Amino acid sequence: MSNFNKDLPIVECIARARIPTTRDPNHKTYPEIFLHLYKNNRDNKEHLAIVFGEDIRSKSLFKKRYPEETQYERLIRGAYLGKLTPDRTEADSFNGVTLQFDEKTGDLLSNFDQDTFNGKLPVRIHSECFTGETAWSARCDCGEQFDLAGDYILQSNVESCMCKQHGVIVYLRQEGRGIGLSEKLKAYNLQDLGKDTVEANLLLNHPADARDFSIASSILLDLQLSEVDLLTNNPDKLKAIEIDGKLKCASRIPMVPLSWKDDEQNDGSNHNNSNNAIRSKEVESYLRTKIEKMGHLLTTPINLHANISVAKTE
Ligand SMILES: Nc1nc2c(ncn2[C@@H]2O[C@H](COP(=O)(O)OP(=O)(O)OP(=O)(O)O)[C@@H](O)[C@H]2O)c(=O)[nH]1
Ligand SMILES: [Zn+2]
């Protein structure tokens with residue numbers, strides 16, 4: 001069952017900036033992305049949208065010219081068309097599109113929507129994982145999944161656009177499936193005591209998964225997307241982000257762990273191999289619990305239930 005609008009959080013994009021990147025899956029280009037920072041009326045966290053495609057625009061960022069707001073202030077919060085250059089003076093005019101606003105209300109009036117991307121796009125809803133994305137943890141595959149999602153989007157090809165690489169990673173500040181970093185660290189200790197990831201959460205009096213994905217739906221609607229191909233193995237995400245009549249999940253793109261893809265190349269060493277696949281007994285157990293207890297849509301690889309011998313820690 002998909003959500004109805006009445007349950008949706010209200011989100012507002014408060015800043016957007018261009019990020020030149022180091023990603024280069026095709027060895028051809030170093031694409032630019034546009035980072036969008038959101039506030040919302042459900043929690044006090046700053047959730048993010050990592051947007052590939054300059055013509056994917058946030059309604060809430062652009063919709064108003066606030067009282068007393070100058071062109072320069074709009075440029076600074078990222079509500080501009082085109083590019084920023086040291087000699088740029090016009091905030092709201094680019095490629096023949098000029099933004100116009102109602103004098104009294106400040107609301108956007110122009111044909112802005114015609115210049116906005118509105119096709120089906122690859123999208124990843126990704127929850128924060130400090131340990132896996134920053135502290136090199138081999139307990140999970142979050143960092144690997146994040147990179148894979150970026151590479152998938154960069155290899156996508158949207159024919160109708162000048163800039164062909166289009167997609168969005170919604171980065172939700174939902175550390176530890178929503179229980180927070182301190183509780184997640186306690187769960188790790190329980191896991192070292194022999195519990196699986198679900199049992200550890202329950203022993204700490206948390207649900208197996210404490211996340212609500214509706215902020216992601218609101219962000220995707222704010223970015224004016226109506227149809228997405230979702231990069232995930234999690235069946236809950238597929239159902240949770242759909243909004244009747246407004247946001248449809250057209251298909252699922254599986255996130256297959258890199259180590260499953262290159263098993264032949266496994267040299268038996270712990271953790272990462274040459275292409276950065278995560279290898280450890282902990283990640284095997286993490287994936288097994290996702291499949292067996294959380295219904296993740298991954299086909300069990302041959303070695304998943306075998307005794308894991310690759311995880312000798314030095
Ligand atoms: N409680 C808990 N959370 C964890 C553990 N390992 C990773 N996480 C969190 O699990 C979440 C993983 O998020 P995602 O990769 O977006 O989602 P997913 O449900 O695995 O679904 P996919 O889209 O298939 O990746 C992050 O918030 C991590 O911080 C763990 O052992 N215990
Ligand atoms: Zn993780």
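So the values come out like this:
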{"quantity": "Thr85 versus Glu292: modelled label distance in nm, points set 7 Å from Cα along the beta carbon direction", "calculated": "6.1 nm"}
{"quantity": "Theoretical FRET efficiency, 1/(1+(r/R0)^6), r = Cβ-Cβ of Ala250 and Ile10, R0 22 Å, to 0.05", "calculated": "0.30"}
{"quantity": "Neighbourhood charge, 11 Å Cβ-Cβ cut-off, centred on Leu297 and excluding it, Lys, Arg +1 and Asp, Glu -1", "calculated": "+2"}
{"quantity": "Neighbourhood net charge (13 Å Cβ-Cβ; Lys/Arg +1, Asp/Glu -1) for Cys142", "calculated": "-2"}
{"quantity": "Cα centroid separation - segment 196-244 against segment 123-143, whole Å", "calculated": "15 Å"}
{"quantity": "Packing-based exposure ordering (other Cβ within 10 Å, fewest first) of His296, His36", "calculated": "His296, His36"}
{"quantity": "Among the listed pairs Lys39/Lys64; Lys59/Lys83; Lys63/Lys246; Lys45/Lys237; Lys120/Lys184, those beyond 24 Å (Cα-Cα)", "calculated": "Lys120/Lys184"}
{"quantity": "Paramagnetic reach from Arg173 (point 7 Å along Cα→Cβ, amide N under 14 Å) across segment 40-84", "calculated": "40-49"}
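No value in this document is a laboratory result; all are computed from the given coordinates. Bear in mind that the values here come from a model prediction, so they are computed numbers and not experimental data. Note: ideal-geometry Cβ built from the backbone for every residue, glycine included; neighbour counts use all protein chains shown.
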